[in-house]
Amino acid sequence: MATNIIDVAPNDEGFTLVLHGGAGGRVEELSLEASGLYEHGLRLAYEAGAAILSAGGSALDAVCETVRRLEDNPLFNAGRGAALTATGSAELDACVMTGEGKAGAVAVSRSAKNPVDVARAVLEESEHVLLVTPSDELVDSWGLERVRPEYFVTDARQRQLANVQARLLEGSRHGTVGAVAVDRSGAVAAATSTGGMVNQSDGRVGDTPVVGAGTYARDGVVAVSCTGQGESFIEGVVAHDIFARMRYGGAPLATAVASTIEGELDSRGAIGGIIAVGADGRLVVAHNSPAMFAAYRSETGLVTLT
Ligand code: ASP
């Protein structure tokens, strides 16, 4: 599988933000939507996070806000418009991690409007790292908005599920959103959120909320957010593998990402995408899938990949 790698040198803004909207390409059932809507959604999410960073805000605040915007956008596989399980329900996973090595994650979240906020609450308000299906009472105690299960389910995702189950559709089974950032103080953070794989078994949990698999951050080194076939990302401990190649092997960011894709994804026949930001502000967007949704700033301005 050919790997596409975009490697952008540190800018002079003093911060870097990269986001992704999944490596599965456009969902066929959403193809009637103008492609500009995807670009618009990526742009709005980028601008929301960048506004926080340019005002001197933290990388953690920026990645959470960026992911929240993508969760609220029904085109992407997270929050409203998430991919559905085999029984047609939305089971949402999310993770946030700071460069200080603190993480919070949620799996099979069903009622909080924004799973990324639950992950952050686990990080900041609980003594735990990973919670499965937190109770409504707990979500309320954190002051987070709850919605009915129908909120997450869109017509397009129901059609996608029906097509996958009828074996009319082979590809486009995944998605996921995520963001990584380094702020003006030099701190890094990562956040990832997903509905998982279309037609997954109820209760299946992918790489997104597994620290070190789909999400990882460490100050002085890197922040990583992944999308793709979650089982392979877990088995390859992909996000941490990139960190380890840099931290212990001294690999440059792009080399670390490329080596991990080759060593842990290609070798498993898995496809997906990775965004990463180095502590120095260098960024990488890489995928061995045919396409990847992403947004970042280069010398020429904001770049959106759709
Ligand atoms: N990695 C996600 C999962 O396995 C899906 C995706 O990114 O497309 O749950």
Considering segment 272-306, residues that are surrounded by 22 or more Cβ atoms within 10 Å (Cβ to Cβ) and of a type in the set (S, T, N, Q), and then whichever is nearest to Val222 (Cα to Cα), we arrive at Asn288
Please go through (1) among the aliphatic types (A, V, I, L, M); (2) closer than 16 Å to Cys226 by Cβ; (3) without any contact (Cβ under 8 Å) to a residue 24 or more places away in the chain for Ala251 and return the number of the only condition it doesn't satisfy.
(2)
Scanning for something at pLDDT below 95, out of contact with any helix residue (DSSP H, G or I) (no Cβ under 8 Å at 6 or more places or on another chain) and among the acidic types (Asp, Glu), does segment 53-74 turn up at least one residue?
no
Selection from segment 95-120 of residues that are over 18 Å from Thr176 (Cα atoms), open to solvent by 10 Å² or more (accessible area, probe 1.4 Å) and either modelled with pLDDT under 95 or of a type outside the set (S, T, N, Q) (or both):
Glu100, Gly101, Lys102, Ala103
Please verify whether Gly269 is open to solvent by less than 60 Å² (accessible area, probe 1.4 Å) and more than 20 Å from Met97 (Cβ to Cβ), treating the condition exactly as stated.
yes
On the given criteria, is Ala256 among the hydrophobic types (A, V, I, L, M, F, W, C), under 21 Å from Leu19 (Cα atoms), away from the ligand (no atom under 15 Å from the Cβ) and in contact (Cβ under 8 Å) with a residue 40 or more places away in the chain?
no
Would you mind finding the one in Ile271, Ile234 that is out of contact with any strand residue (DSSP E or B) (no Cβ under 7 Å at 6 or more places or on another chain) and within 10 Å of the ligand (Cβ to nearest atom)?
Ile234
Restricting attention to segment 97-124, the residues that are within 16 Å of the ligand (Cβ to nearest atom) and either part of a strand (DSSP E or B) or small (Gly, Ala, Ser) (or both) number exactly 7
Of everything in segment 251-263, what is out of contact with any strand residue (DSSP E or B) (no Cβ under 9 Å at 6 or more places or on another chain) and either open to solvent by 40 Å² or more (accessible area, probe 1.4 Å) or hydroxyl-bearing (Ser, Thr, Tyr) (or both)? Give them in sequence order.
Thr255, Ser259, Glu262
Confirm whether Gly228 is surrounded by fewer than 24 Cβ atoms within 10 Å (Cβ to Cβ) and either under 25 Å from Ala112 (Cβ atoms) or away from the ligand (no atom under 12 Å from the Cβ) (or both).
no
Please go through segment 70-94 and give me each residue that is part of a helix (DSSP H, G or I) and buried (at least 24 other Cβ atoms within 10 Å of the Cβ), ordered by number.
Leu70, Glu71
Would you mention how many residues in segment 174-213 are in contact with a helix residue (DSSP H, G or I) (Cβ under 6 Å, 6 or more places away or on another chain) and more than 20 Å from Val277 (Cα to Cα)?
3
Provide a single number: the residues in segment 182-219 that are within 16 Å of the ligand (Cβ to nearest atom), hydrophobic (A, V, I, L, M, F, W, C) and open to solvent by less than 10 Å² (accessible area, probe 1.4 Å).
4
Conditions (1) open to solvent by 10 Å² or more (accessible area, probe 1.4 Å); (2) away from the ligand (no atom under 14 Å from the Cβ); (3) touching a residue at least 24 places away in the same chain (Cβ under 8 Å) -> Ala162 fails only (3)
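The values are calculated or read from the model by the stated rules, or taken from the named source; none is laboratory data. Quick caveat: nothing in here was measured; it's all calculated off a predicted structure. Here Cβ is always computed from backbone atoms with ideal geometry, including for glycine, and neighbour counts include all displayed protein chains. Ligands, DNA and RNA are excluded from the accessible area calculation, which covers all protein heavy atoms including side chains. Shrake-Rupley method; radii C 1.70, N 1.55, O 1.52, S 1.80 Å.
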